[in-house]
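Enquirer: Got a structure here, written out as structure tokens. Questions coming.
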Amino acid sequence: MLNLFILVILQQFDQYYLAEDNIISKFEKDLLIFKNAWTEFAQTNRCVKMKDSKLVEFFKSMERPLGMSEEDVQNNNDINKNIVQMDIRADEEGYVYFNELLYKVMKKTYGIKHIRNKKLAEQEANTFIKINKLQEKMSKFLISEEKKAIAVNPFLAMM
């Protein structure tokens, strides 16, 4: 019985991981494309957050299915419409965080077929709550780092 179980696992591994057109390798490739584009546009903020004004150029820089190529868009309004449909939110200062943008882009790319699924909606709500908690934790961390930097130089604190 144990051999049958191991055989099924190996068969699934062969079928879904070793094939070149499998979903896992596509996802890894898309994730690498996203990370490369993100590091290009978020360098000024230690690759944690990106200004929302850079989103249009960010999506232009990525290939399909993650981004929008120059042939697909006639003007920036097409990309802006896509951003609004993805419900990408920025914080009070106009920054978009890596986790939220990655989630929204991957949802657009891979989650279109399952959008009406109730379990997916519950998972999405839980993921969104986790993303908000991460953003709060990250903003508190960045604020404390800024306070530490000011505390190091007392002249900056007076200015």
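Enquirer: Which length gain, in nm to one decimal place, applies between Q11 and K35 when the Cα-Cα distance is subtracted from 0.36 nm times their residue separation? Present the calculation step by step, with values, prior to reporting the outcome.
Expert: Details: separation 24, 0.36 × 24 = 8.64 nm, distance 3.15 nm.
Length gained between Q11 and K35: 5.5 nm.
Enquirer: Could you give the length gained by full extension between K133 and I23, i.e. 0.36 nm per residue of separation minus their alpha carbon distance, to one decimal place? Display every interim value, and only then the final one.
Expert: Values: separation 110, 0.36 × 110 = 39.60 nm, distance 2.91 nm.
This chain segment gains 36.7 nm when fully extended.
Enquirer: Stretched out fully, how many nm does the piece from K119 to Q74 gain, at 0.36 nm a residue minus the Cα gap?
Expert: Length difference between fully extended and current span is 12.5 nm.
Enquirer: Net charge near A90: determine it from the other residues with C-beta under 10 Å of the C-beta of A90, scoring Lys and Arg +1 and Asp and Glu -1.
Expert: The answer is -2.
Enquirer: Go through the stretch 33-89 and name the GluC sites (Glu not before Pro) that are in a DSSP coil and have 16 or fewer other Cβ atoms within 10 Å of their Cβ.
Expert: Within the stretch 33-89, the qualifying GluC sites (Glu not before Pro) (loop, at most 16 other Cβ atoms within 10 Å) are E63, E70, E71.
Enquirer: Tabulate in residue order the Karplus-calculated ³J(HN,Hα) for the stretch 4-11, using 6.51 cos²θ - 1.76 cosθ + 1.60 with θ = phi - 60°, rounded to whole Hz; enter x for Gly and Pro.
Expert: Values, residue by residue: 5, 4, 5, 4, 5, 4, 5, 5 Hz.
Enquirer: Starting at the first residue of the stretch 101-108, write each ³J(HN,Hα) from the Karplus equation 6.51 cos²θ - 1.76 cosθ + 1.60 with θ = phi - 60°, in whole Hz, x for Gly and Pro.
Expert: 5, 4, 4, 5, 5, 5, 5, 5
Enquirer: Give me the net charge of E100's neighbourhood, meaning all other residues with Cβ under 11 Å from the Cβ of E100; Lys, Arg count +1, Asp, Glu -1.
Expert: Counting the neighbours of E100, the net charge comes to +3.
Enquirer: Continuing with this model, one more query. Calculated FRET efficiency, V84 and S53, Cβ-Cβ r, R0 22 Å, to nearest 0.05?
Expert: Calculated value: 0.90.
Any read-out appearing in this document is the output of simple, stated calculations on the displayed coordinates, not a laboratory observation. What you are looking at is a predicted structure, and each value in this text was computed from that prediction instead of being measured. Reconstructed Cβ throughout: ideal geometry from the backbone, glycine too, with neighbour counts over all protein chains shown.
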